[in-house]
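Below is one structure, written out as structure tokens, with a few remarks after it.
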There are 2 protein chains.
Amino acid sequence: MKSGKYTLTGQELEIMKVVWRLGPCNVRHVYEALLEQRKIAYTTVSTMMNILETKGFLKKKAGDKAFVYAPSKPQKTVIRAMVREFVDRVFNGAAEPLLLHLVEDEQLSKAELDEIRRSIK
Amino acid sequence: MKSGKYTLTGQELEIMKVVWRLGPCNVRHVYEALLEQRKIAYTTVSTMMNILETKGFLKKKAGDKAFVYAPSKPQKTVIRAMVREFVDRVFNGAAEPLLLHLVEDEQLSKAELDEIRRSIK
DNA sequence: TCTTTCATACTAACGTTTTAGTATGAAGAG
DNA sequence: CTCTTCATACTAAAACGTTAGTATGAAAGA
């Protein structure tokens with residue numbers, strides 16, 4: 001079940017989403033953002049962010065008081081890899097069935113469909 | 001990290017894919033299909049299929065000698081739920097960004113793009 | 001019948017992910 | 001200067017997922 005080097009586990013993704021949104025920030029910033037969603041300990045966030053650093057998703061540098069963490073891979077790159085892995089795992093690598101599924105099953109507005117239609121051209 | 005009741009873990013999905021493909025079958029059938037891909041123990045498959053039964057993805061009934069397992073949820077339903085969960089988790093529930101991503105990043109043939117264009121109408 | 005093969009249940013170990021406690025030292029408040 | 005607050009490192013346990021061994025009993029083959 002080894003994951004590729006651009007693939008995040010569930011909680012890691014939650015934290016990366018916060019950091020991508022906030023930009024460079026420290027553990028406390030992320031902790032407080034996560035607290036709004038659910039109960040979590042400060043040290044848990046700290047531990048997770050360290051793991052993300054050793055995995056190469058975050059880089060940290062000394063800040064005024066606490067370390068400042070910043071994403072070291074662009075969101076787009078990471079998301080792309082996760083989509084790729086999902087497509088491989090669930091659709092055996094074929095993107096088209098997923099696409100058709102999304103077009104059929106998800107409620108998309110006329111504007112959204114227009115946008116997709118345009119991007120296909 | 002609680003998963004919805006239609007969401008499968010990695011190895012569970014591998015087994016379900018075999019059962020969906022084969023239709024009603026016993027542990028040995030699945031075991032042999034999986035063996036073609038990788039080394040795995042018979043009892044591992046047996047254990048996994050039991051787990052899938054308790055989770056409600058397979059139902060088993062007594063067969064001639066061994067139990068016969070059959071899917072208890074259609075593939076389409078389960079896949080749909082997994083896509084839904086992925087979209088929620090990675091794209092915060094918005095299907096459109098995933099769709100655009102797929103259209104942009106995946107190499108799709110002209111024929112496939114045609115088919116997608118047709119299904120949008 | 002005796003032996004071998006097979007299916008299942010039970011059990012457990014291992015790996016990974018997630019969570020958080022404790023210790024330590026530095027910074028800030030008084 | 002002392003006390004409190006905060007950040008980090010270290011440690012570890014809980015939770016989950018994956019894998020497979022062992023025991024048991026049934027069936028098949030001789």
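The values are calculated or read from the model by the stated rules, or taken from the named source; none is laboratory data. None of the values given here were measured: they were computed from a predicted structure. Quick reminder, even Gly has a Cβ in these numbers, built from the backbone with ideal geometry, and neighbours come from all protein chains shown.
Quick rundown of the values:
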| item | result |
| --- | --- |
| Residues located in region B:31-58, provided they are among the charged types (D, E, K, R) and either more than 9 Å from DNA strand C (Cβ to nearest atom) or crowded, with 17+ Cβ neighbours inside 10 Å (or both) | B:Glu32, B:Glu36, B:Arg38, B:Lys39, B:Lys55 |
| Selection count where residues are within 10 Å of chain B (Cβ to nearest Cβ) and surrounded by fewer than 17 Cβ atoms within 10 Å (Cβ to Cβ), scope region A:66-79 | 1 |
| Selection count where residues are touching a helix residue (DSSP H, G or I) at 6+ places or on another chain (Cβ under 9 Å) and polar (S, T, N, Q), scope region A:51-73 | 1 |
| Residue in region B:15-29 that is in contact (Cβ under 8 Å) with a residue 24 or more places away in the chain, of a type in the set (S, T, N, Q), farther than 30 Å from A:Gln11 by Cβ and more than 8 Å from chain A (Cβ to nearest Cβ) present | yes |
| Some residue of region A:27-34 being at pLDDT 95 or above, closer than 23 Å to B:Asn92 by Cβ, within 16 Å of the chain's Cα centre (by Cα) and of a type outside the set (A, V, I, L, M) | no |
| Among (1) within 7 Å of DNA strand D (Cβ to nearest atom); (2) in contact (Cβ under 8 Å) with a residue 60 or more places away in the chain; (3) of a type outside the set (A, V, I, L, M) - the single one B:Lys65 does not satisfy | (2) |
| Single residue of region B:58-87 satisfying the filter (small (Gly, Ala, Ser) and farther than 21 Å from A:Asn92 by Cα) that is modelled with the lowest pLDDT | B:Gly63 |
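Here is a yes/no grid of residues against (1) more than 21 Å from A:Glu104 (Cβ to Cβ); (2) assigned by TED's automatic domain parsing to the domain that holds B:Val45; (3) crowded, with 16+ Cβ neighbours inside 10 Å:
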| residue | (1), (2), (3) |
| --- | --- |
| B:Lys60 | yes, yes, yes |
| B:Asp64 | yes, yes, no |
| B:Ala81 | no, no, yes |
| B:Phe86 | no, no, yes |
| B:Val90 | no, no, yes |
| B:Gly93 | no, no, no |
| B:Leu99 | no, no, yes |
| B:Asp114 | no, no, no |
